[in-house]
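The values are calculated or read from the model by the stated rules, or taken from the named source; none is laboratory data. Predicted model only: the values in this text are computed from it and were never measured. Note that we place each Cβ from the backbone using ideal geometry, even for glycine, and neighbour counts take in every protein chain shown. When the accessible area is computed, the model is the full protein with side chains, heavy atoms only, and any ligands, DNA or RNA have been set aside. Shrake-Rupley method; radii C 1.70, N 1.55, O 1.52, S 1.80 Å.
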Number of protein chains: 2
Amino acid sequence: MSKILLAHGSGGKLMHNLIEQEILKRFANPFLSPLADSAVFSIGKQKFAFTTDSYVVKPIFFPGGDIGKLAIYGTVNDLSMVGAEPLYLSCGVILEEGLETEILDKILASMEAAGKNANVKIVTGDTKVVEKNSADKIFINTAGVGIIKNNRVLSTDRIRKGDKIIINGSIGDHGIAVMSERMKLKVTFSLKSDCAPLWSLVEKILGVSNGAKFMRDPTRGGLATTLNEIVARTNLGILIREEDIPVKDEVKGISELLGLDPLYVANEGKAVIVVSPEAAEKVLRVMKKDKLGKESRIIGEIVETPEKVILKTLIGGHRIVDMLTGEQLPRIC
Amino acid sequence: MSKILLAHGSGGKLMHNLIEQEILKRFANPFLSPLADSAVFSIGKQKFAFTTDSYVVKPIFFPGGDIGKLAIYGTVNDLSMVGAEPLYLSCGVILEEGLETEILDKILASMEAAGKNANVKIVTGDTKVVEKNSADKIFINTAGVGIIKNNRVLSTDRIRKGDKIIINGSIGDHGIAVMSERMKLKVTFSLKSDCAPLWSLVEKILGVSNGAKFMRDPTRGGLATTLNEIVARTNLGILIREEDIPVKDEVKGISELLGLDPLYVANEGKAVIVVSPEAAEKVLRVMKKDKLGKESRIIGEIVETPEKVILKTLIGGHRIVDMLTGEQLPRIC
């Protein structure tokens, strides 16, 4: 009898199979089927976005954030990625019996601060408690509702050969910060999760140009997974250049130590933006002026063939960057 | 150091304290603070409802339902209780490593059928997997968005002395069905969870009269908790008559066996409706014609004092029905 593996939650191939074979088979509808970061629908003349994520990150506190902050910003970002201004959030918590109320209080305080910072309101919630060892401290689900103005459409359907791929900074910070904390690595370093709300950056991009065609935040499965998802939906290829992809030295170092590839490591404050070649420089300029976009870079472009993600390596070779197989980093968000 | 207890999730006093002292302290806003079944807000000219619940019921399959069906209908009902037509649902699942995929498939099939039956679409979702013993098989969160037509307002603010209290059938079926399954009680009986979607019943009620002022589905903590919540928000009292409250013989029997009071046992297909005295008979008539309202009854009324829930017992005495203290039935939904 087949069983659920940790890899089914990794963001990689097994998870995509599960979603495509089990979930879409049953629930396919025009809102769910694009598998965008948020569902987009209209009521009357107004376009809305609606999204959800459950957070099971371990440990619940890590450099640069905690499960509460992550639960707010993660859902804010999923709304932002379809061009929706985040407005209202729901919050469902599942608590393990015996959790210190002081810890809960710290997490709630963090959610409060994050909500204020991202300018969203938690308007509805739910609390469940399960017996000791039936959950791990605390799991948080947030869902979010946002509005899409000016009939904006951010969709893989708009992507064409020659489009540029931009990222707003270094990759792998979140995943490596969480793993270092989990493994209590005895290294002293300043690396923090990049956990941040992306709406204000996105709003600026959308304000200067309609040339931004598609966005996705490369969380579970990292940049490599996001790019492979684009390839799968467009039947186009992607060429990225290793020399242009920002990776911090600490992330490189710990990744080597742990046998990880930063391309597959989760981010929580990054956006991959596919933009028309004409608009690329303009978008890049406005991004660099935002505090979350200072390190923005064009890292590659959309090509016609092969229908794969190809990395041009530092030494000039080319390698295929496939979708993640197996479980690289469980419970990273 | 104080710790989270199972009772913090029971729907009773400790949970209310947690919500009022920890949650509202931080997150108070006009949408959350009424603590209605759903938050209600307007965007443009359209009124919306938004709600969430996490489901941790144990066992995940029980007579009359399963965790998937519950997750769909529970959120449908929370929207219905504020007069909103349920439209779109999100679904976040947390899976325990090692769960048989066959079980997941059965639950997904049940959610598919429930979604069709309740005429709602799951438009966005998320899947996480945690290690064995870090969760108990499967937890499901659903959030829902609905629309409120004709500027309807269902609120405790509208409740006045003399208003009638109606319930659409027998109490305690869900909680006792789940407990019987959990404890593998060796009794043969036909009792099933009342798990059902209430929107079509609610729509009929709202269609015949504006006299329905407030609705709540008495889930965790049961009828007693819902009535106490009304008392707390209105500063009015409630008088209910034991002879008018429908309780099935099996529910009475098992409750006695387990030392439970059906007034505190969870329901998943019931609505408590507060209605003006003039509209009561009309509302009752339309309810009785619906398949989910055949057993509808007026069970009591709003009184001025005392500001408590008072039960007139079968033998003619009166007793105070307080809010649930301690944990009666953990993981009932």
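Key figures
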| read-out | value |
| --- | --- |
| Region A:263-305: trypsin sites (Lys or Arg not before Pro) in DSSP coil with no more than 13 other Cβ atoms inside 10 Å | A:Lys291, A:Lys294 |
| Probe 1.4 Å, all protein chains present, accessible-area order of A:Met1, A:Met183, largest first | A:Met1, A:Met183 |
| Chain B: C-alpha gyration tensor shape, a/c 1.5 cut-off, then a/b vs b/c | rounded |
| Region A:221-237 residues near the modelled A:Glu304 label - backbone nitrogen below 12 Å, point 7 Å along Cα→Cβ | A:237 |
| Area buried, chain B against chain A - accessible surface, total, 1.4 angstrom probe, square angstrom | 6700 |
| Accessible solvent surface per residue of region B:34-148, calculated while the other protein chains remain in place, 1.4 angstrom probe, Å² | 27 |
| Top positive-direction residue, dipole computed over region A:1-111 with Cβ charges, set A:Phe41, A:Tyr88, A:Pro59 | A:Phe41 |
| DSSP bridge pairs, chain B: antiparallel proportion in percent, nearest 5 | 80 |
| Beta bridges per DSSP with both ends in region A:34-148, % antiparallel, nearest 5 | 75 |
| Cross-link partners of B:Lys25 among lysines (Cα-Cα below 24 Å; sequence separation of 8 or more within a chain) | A:Lys69, A:Lys106, A:Lys116, A:Lys121, A:Lys128, A:Lys137, B:Lys3, B:Lys13 |
| Computed FRET value (nearest 0.05) for B:Ser33 with A:Lys291, which takes r as the C-beta separation and R₀ as 41 Å | 0.80 |
| Solvent exposure of region B:183-333 as accessible area per residue, Å², 1.4 Å probe | 45 |
| Exposure of A:Glu278 as accessible area (Å², to 10), given a probe of 1.4 Å and all protein chains | 150 |
| Rounded accessible area of A:Arg182 (nearest 10 Å², 1.4 Å probe) | 60 |
| Directionally averaged projected area (convex hull, Cα atoms, region A:240-333), nm² | 7.6 |
| Region A:34-148: C-alpha gyration tensor shape, a/c 1.5 cut-off, then a/b vs b/c | prolate |
| Exposure of A:Lys106 as accessible area (Å², to 10), given a probe of 1.4 Å and all protein chains | 120 |
| Within the accessible area of the protein assembly as shown (1.4 Å probe), percent carbon and sulfur | 50 |
